[in-house]
Each structure stands twice: as C-alpha cells, then as structure tokens.
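So the structure is just underneath, and the comments pick up after that.
The values are calculated or read from the model by the stated rules, or taken from the named source; none is laboratory data. What you see is a predicted model, and the numbers here were worked out from it, not measured in a lab. In this analysis, Cβ positions are derived from the backbone assuming ideal geometry, glycine residues included, and neighbour counts consider all displayed protein chains.
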Amino acid sequence: MITVLIECKDQEHALAATLAALVPGAVEGLVADVVILDRGSGDGTARLAEAAGCRFLDDPDLQEVVHGARADWLLLLEPGARPLLGWIEHVGQHLAAGRQAARMRPSRQYGPSFMARWIRWAKTRRRISALEHGVVMPKSQAIANARPGNSLESLARGVAMSRLGCEIVPAAALLP
C-alpha cells in the first residue's frame, strides 16, 4: 500500500484531476491514504480535499508528514499529474519487489513537445520539477531526505530512480 502526498497552493482544478485518477488505486486497495500539503491556498482546495476523503494539512512540517504516513511507500505527485491505465499493476509490482525509488514514464500522447518544454523553461527560467513524472519511494528513504521547512520536491531531488513501465500525464500538460 502507498500513501500519496500532493503539495499545492491555489490549484483546486489541477488537484481534482489528480484525485480522480487515483480513485481506481483506492478501489483496488493500493492507495492507503492521500495527504494534501497545502501552502496557503485561497481557493476551494480544502473543501475538495475534504469531499474526496483526503487528509488536508495547512502549511505542515514535511518531517512530521513523512513520519505520519500510513504506508511504507510514498507516491509523490504534483497537482494536475494523472497516472494512466496500468499504473496500479506496475506500482504494485514495484512495491512487491521492494526496489529503490522509481518514477513513471511521461506519456507520449499528452506530453508537451520539445519546443513547448523549451518555451516553458524560457518563460520561467526554472528547472523541471523532480515530481513531474511522479515518484514512488520507500518511506524510510523519504524520512532520511526530509528536512524541516523543505518542500515535497526536495524529497525527490537528487535521488537515484528506476523507471516504471506505466505512464503519467505530467501536470504541465494542463498548462495553456
């Protein structure tokens, strides 16, 4: 089983898309719980999380969140990212094998083109998020990487990962 962690701020619509994609995982028993780490949203993020049965934490300490995760494995996602069909089986097999951290493959059908990625980078001058393709990692590894005041992305940045056989629609695919 996994605990899903999603960090957001004023991303209600993107969060709704991600939560909808996680429903089959909850039905199959793979998703133990979903924790929304809110960083000061002023939209309906809290109401959405409550309606979906998620734990909603307003400006939480990342170390406490990781220690309090119900499952031994974590799935770190950006709001708007949507795992595609087959993700439940691939993640389940990965957990059973007890391997290292892993990420999903970006969907070729929904992913932005090279030019769109370059334009996005040119406008923002920010590096691509470490969570763009989702990250599955053991709770023990997340505990070792968690530092007070850090973001969810900091847990995944710089971690050696393998690739899962399933695909994900990156959150960036929702951007105009």
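Please verify whether region 95-115 includes one or more residues that are in a helix (DSSP H, G or I) and touching a helix residue (DSSP H, G or I) at 6+ places or on another chain (Cβ under 8 Å). Can you show your working first?
Looking only at region 95-115, we keep the residues that are in a helix (DSSP H, G or I), and these are 95-97, 114-115.
If we keep only those that are touching a helix residue (DSSP H, G or I) at 6+ places or on another chain (Cβ under 8 Å) as well, we get none.
No, there is no match, as no residue in region 95-115 is in a helix (DSSP H, G or I) and touching a helix residue (DSSP H, G or I) at 6+ places or on another chain (Cβ under 8 Å).
Hey, can you tell me all the residues within region 54-67 that are surrounded by fewer than 17 Cβ atoms within 10 Å (Cβ to Cβ) and in a loop (DSSP other than H, G, I, E, B)?
Answer for region 54-67, where residues must be surrounded by fewer than 17 Cβ atoms within 10 Å (Cβ to Cβ) and in a loop (DSSP other than H, G, I, E, B): Asp59, Asp61.
Can you tell me which of (1) in contact (Cβ under 8 Å) with a residue 60 or more places away in the chain; (2) among the aromatic types (Phe, Trp, Tyr); (3) more than 21 Å from Ala160 (Cβ to Cβ) is the one Trp73 doesn't meet?
(3)
Is it fair to say Val136 is assigned to a strand (DSSP E or B) and either under 29 Å from Arg47 (Cα atoms) or at pLDDT below 95 (or both)? Walk me through how you get there before you give the answer.
Working: assigned to a strand (DSSP E or B): yes; either under 29 Å from Arg47 (Cα atoms) or at pLDDT below 95 (or both): yes.
So Val136 fits the description; yes.
Being at pLDDT below 85 and surrounded by 19 or more Cβ atoms within 10 Å (Cβ to Cβ) is the filter; apply it to region 149-172 and report the residue that is nearest to Val136 (Cα to Cα).
Ranking the qualifying residues of region 149-172, first place goes to Ala171.
Might you check whether a residue that is modelled with pLDDT under 85 and of a type outside the set (A, V, I, L, M) occurs anywhere in region 88-99? Break it down stepwise before answering.
As a first pass, look at region 88-99 and keep what is modelled with pLDDT under 85: 98-99.
Now restrict to residues that are of a type outside the set (A, V, I, L, M): 98-99.
Taking every residue of region 88-99 in turn, at least one turns out to be modelled with pLDDT under 85 and of a type outside the set (A, V, I, L, M).
Tell me which residues, restricted to region 1-53, are assigned to a helix (DSSP H, G or I), surrounded by 21 or more Cβ atoms within 10 Å (Cβ to Cβ) and within 14 Å of the chain's Cα centre (by Cα). Full working, then the answer.
The first filter runs over region 1-53 and keeps only residues assigned to a helix (DSSP H, G or I), leaving 12-27, 45-51.
Subset that is surrounded by 21 or more Cβ atoms within 10 Å (Cβ to Cβ): 15, 18-19, 22, 25, 45, 49.
Result: Leu15, Thr18, Leu19, Leu22, Gly25.
Evaluate the following for Gly92: is it small (Gly, Ala, Ser), at positive phi and either surrounded by fewer than 19 Cβ atoms within 10 Å (Cβ to Cβ) or touching a residue at least 40 places away in the same chain (Cβ under 8 Å) (or both)? Spell out how you get there, then give the answer.
Working: small (Gly, Ala, Ser): yes; at positive phi: no; either surrounded by fewer than 19 Cβ atoms within 10 Å (Cβ to Cβ) or touching a residue at least 40 places away in the same chain (Cβ under 8 Å) (or both): yes.
Considered against the rule, which asks whether it is small (Gly, Ala, Ser), at positive phi and either surrounded by fewer than 19 Cβ atoms within 10 Å (Cβ to Cβ) or touching a residue at least 40 places away in the same chain (Cβ under 8 Å) (or both), Gly92 comes out as no.
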